[in-house]
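Comments concern the structure below.
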Amino acid sequence: MPATATSAPSAPADSYDNNMQIAWKFSYDVSDPKLEDLYRRAKQNQWDSDEQLDWSQNVDPSRPLVSEEQNTYCRMPFYKRLSKSQQETFNAHSTAQLLSQFLHGEQGALMTAAAVSHSVPDASAKLYAATQTMDEARHVEVYAKYVDKIAIVYPMSPMLKSLIDATLQSGRFEKIMIGMNMVVEGLALGAFNNMYRQTTCPLLKQITFNVMRDEARHVSFGHTYLGPLIAKMHDDDREDLAQFAFDAINLIVQSQRTGGGQGTAADRVDPGFLQMLEFCNIEADDFFAGLQEAADLGITKELPPGQVHSLKQLMMPAMVRVGLVTDRTAALFEEVGVPVNRDMSVLNAMEDAKSDQNILNEASAAY
C-alpha cells in the first residue's frame, strides 16, 4: 500500500525582481462585447469549493485513479510485471506527480493573471483578468487539497518552471497573455479534458469539471483580446510576439523529446519524476526501458478516443487564429517538426459558450 499522505517539506520561496508596466485606465466603457460576455460568464460561474465539492469522499490512492484502459502506464508490460505493492504505490504517486504539475501551473497562472490585471491598458480586460486571478487561486486551493489526499506534492518540472518564468519575466502584457492564456492554458485545457474523461474518482472528476470550465474562458480571453490587437501591430512588433510564441512552444517540444522526466530518451531531466520512481522502488533505467518496450508495441503511439492533443489541436490553432504564425515562424515550426495545424474545430468547440452546459450534462450522467 502507498505511504500515508503527507505534505512535502516547506521550501523557501523562489523569487526574482520583475519590472512590469502599471497601466491606469480612466475610461471605463466596455471596449468589446466579447470581453463583456466573458466577464459576465466568469461572474456567473464563480464557485466555492467548500460548498460544491464533497471533501469527505474517501479517496483510495492505491487504486488507479485513472481508467486502466486509458492509462498508458497501466497498459505497459513493464507495469504488469511489477509487484502488487509497487503497482499500488505507483498508481498513487504517478497521479500525485502529474497533479502536482497541475498545482504548480495554477500558481503560475495566478501570478500571470494578476500581472495582466495591472498591466493591460484596457478597462474591460482588467476586469476579466481579475476574475481569472480568482479562478486560479481557487484552482491552487483544490489541487493542493486533493494531492494531499493521495500522496505528496512533487517538485515542479523544469520545463514548466522555465516556461512560466520566461512568461512572467517577458516584461510585456501581450507576451504574458501568449505564454499563459494561449500556451500554458492550452496545455492545461487539453490535460484537464483528458483527465476528466480518464479518471475513475468522483471527487477528481468534479474538481476537473469545474476547473476545465474556467480554463475554457481563460483560453478564450487570449484570442478575444489579443487577436484584434495583433492585427493592428507593425510587422516588427508582430514578429517579436511570434518569436516569443515559437520559443514557448519549442520549449515544450524539446522537453518532450529529451524525456522531460517521462520520455524514452536517455537525457531525463525532471528530478520530480525520478524522485517518484525512487519512492516506488522502481529503477529509472528499467522504467524507461519499459516505456520504450511499450512504444515498440504501439501502446504509446496514439491517444485514447476522446482525448485531446494539446499542442496539435489547441495551442497551434490558437496561434494561427490570432496571427502569431508568420511565414518566418511557420518555417521554424516545420524545422522542429511541429506541423502548423489550422483546423480550429476542437479549439472552438472547447471554447463554445454552450460547452459549460454540455460538460455539466456529461458530468451528471457519469454519477
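The values are calculated or read from the model by the stated rules, or taken from the named source; none is laboratory data. Because the structure is a prediction, the values reported are computed rather than measured. Because the Cβ atoms are built from the backbone with ideal geometry, glycine has one as well, and the counts that use them run over all protein chains shown. Please note that ligands, DNA and RNA were not included when accessible areas were found on the heavy atoms of the full protein model with its side chains. Shrake-Rupley method; radii C 1.70, N 1.55, O 1.52, S 1.80 Å.
If D148 passes every condition in (1) open to solvent by less than 10 Å² (accessible area, probe 1.4 Å); (2) farther than 19 Å from G222 by Cα; (3) modelled with pLDDT under 95 but one, which one does it miss? Every listed condition holds for D148 apart from (1).
Filter the stretch 300-325 for residues that are in contact with a helix residue (DSSP H, G or I) (Cβ under 6 Å, 6 or more places away or on another chain) and part of a loop (DSSP other than H, G, I, E, B); which is surrounded by the fewest Cβ atoms within 10 Å (Cβ to Cβ)?
The extreme case among them is G306.
Kindly evaluate S85 against the criterion of being under 22 Å from L314 (Cβ atoms), surrounded by fewer than 19 Cβ atoms within 10 Å (Cβ to Cβ) and touching a residue at least 24 places away in the same chain (Cβ under 8 Å). For S85, the condition - under 22 Å from L314 (Cβ atoms), surrounded by fewer than 19 Cβ atoms within 10 Å (Cβ to Cβ) and touching a residue at least 24 places away in the same chain (Cβ under 8 Å) - is not met.
Give the residue, chosen from S162, S170, that is more than 16 Å from the chain's Cα centre (by Cα), among the hydroxyl-bearing types (S, T, Y) and open to solvent by 20 Å² or more (accessible area, probe 1.4 Å). Selected residue: S170, the only one of S162, S170 that is more than 16 Å from the chain's Cα centre (by Cα), among the hydroxyl-bearing types (S, T, Y) and open to solvent by 20 Å² or more (accessible area, probe 1.4 Å). Taking the numbered list (1) closer than 30 Å to I299 by Cα; (2) over 20 Å from the mean Cα position of the chain (by Cα); (3) assigned to a helix (DSSP H, G or I) in turn, L82 passes all entries but (3). Within the stretch 157-179, at least one residue is more than 21 Å from S15 (Cα to Cα) and of a type in the set (A, V, I, L, M, F, W, C). I want to confirm something. Restricting to the stretch 342-367 and keeping residues that are modelled with pLDDT of 90 or more and farther than 21 Å from F221 by Cβ, which single residue is most open to solvent (accessible area, probe 1.4 Å)? This residue is R342. Summed over the stretch 30-63, the residues that are touching a helix residue (DSSP H, G or I) at 6+ places or on another chain (Cβ under 7 Å) and either over 30 Å from I207 (Cα atoms) or of a type in the set (G, A, S) (or both) give a count of 6. Where helices (runs of 4 or more DSSP H) fall wholly inside the stretch 215-299, the ranges with 2 or more residues that are at pLDDT below 90, out of contact with any Phe, Trp or Tyr (no Cβ under 9 Å at 6 or more places or on another chain) and open to solvent by 70 Å² or more (accessible area, probe 1.4 Å) are 235-257.
Every test in (1) polar (S, T, N, Q); (2) open to solvent by 30 Å² or more (accessible area, probe 1.4 Å); (3) in contact (Cβ under 8 Å) with a residue 60 or more places away in the chain is passed by S157 save one, and that test is (2). For the stretch 14-32, give me each residue that is surrounded by fewer than 10 Cβ atoms within 10 Å (Cβ to Cβ), more than 19 Å from T133 (Cβ to Cβ), more than 23 Å from the chain's Cα centre (by Cα) and not hydroxyl-bearing (S, T, Y). Of everything in the stretch 14-32, those that are surrounded by fewer than 10 Cβ atoms within 10 Å (Cβ to Cβ), more than 19 Å from T133 (Cβ to Cβ), more than 23 Å from the chain's Cα centre (by Cα) and not hydroxyl-bearing (S, T, Y) turn out to be D17, N19, F26, D29.
Could you look through the stretch 49-76, keep only residues that are without any contact (Cβ under 8 Å) to a residue 60 or more places away in the chain, open to solvent by 70 Å² or more (accessible area, probe 1.4 Å) and part of a loop (DSSP other than H, G, I, E, B), and pick out the one that is nearest to M195 (Cα to Cα)?
E68
For the stretch 326-337, taking the residues that are in contact (Cβ under 8 Å) with a residue 40 or more places away in the chain and hydrophobic (A, V, I, L, M, F, W, C), the one that is least open to solvent (accessible area, probe 1.4 Å) is identified as F333. Residues in the stretch 187-209 that are out of contact with any helix residue (DSSP H, G or I) (no Cβ under 6 Å at 6 or more places or on another chain), of a type in the set (S, T, N, Q) and crowded, with 21+ Cβ neighbours inside 10 Å: N193, Q198, Q206.
Residue count for the stretch 293-315, restricted to those that are touching a residue at least 40 places away in the same chain (Cβ under 8 Å) and under 15 Å from the mean Cα position of the chain (by Cα): 8.
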